[in-house]
Amino acid sequence: FLGEVGLSGELRSISNLERRLSEAEKMGFTSCVIPTFNQKKLSQSFSMEIFAAGTLSEVIRLFHQ
């Protein structure tokens, strides 16, 4: 999970997303959740599965199907 959770459950954007995802891949992570706002700014592709969500409740719905 990359991002910051606000008091109302919103996922706030983060800086240096692509660098963080690259490092996570090097460490062996195969999936990651990122804030929706950051997804729009991705310019490179990654081998890991990337999920985007705008709120914590969306994250819960993603994995509780």
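Some observations on this one:
- Where helices (runs of 4 or more DSSP H) sit wholly within the chain, those with at least 1 residues that are in contact with a Lys or Arg (Cβ under 9 Å, 6 or more places away or on another chain) occupy 17-26, 36-39.
- Of all the residues in region 18-60, those that are among the charged types (D, E, K, R), farther than 15 Å from Phe1 by Cβ and exposed (fewer than 13 other Cβ atoms within 10 Å of the Cβ) number 4.
- Residue identified as modelled with pLDDT of 95 or more, on the phi > 0 side of the Ramachandran plot and not basic (Lys, Arg) among Gly3, Gly28: Gly28
- Residue count, region 15-36 (criterion: within 20 Å of Phe63 (Cβ to Cβ) and touching a strand residue (DSSP E or B) at 6+ places or on another chain (Cβ under 8 Å)): 9
The values are calculated or read from the model by the stated rules, or taken from the named source; none is laboratory data. These figures come from a predicted structure and were not determined experimentally. Note that each Cβ is placed from the backbone with ideal geometry, even for glycine, and that neighbours are counted across all protein chains shown.
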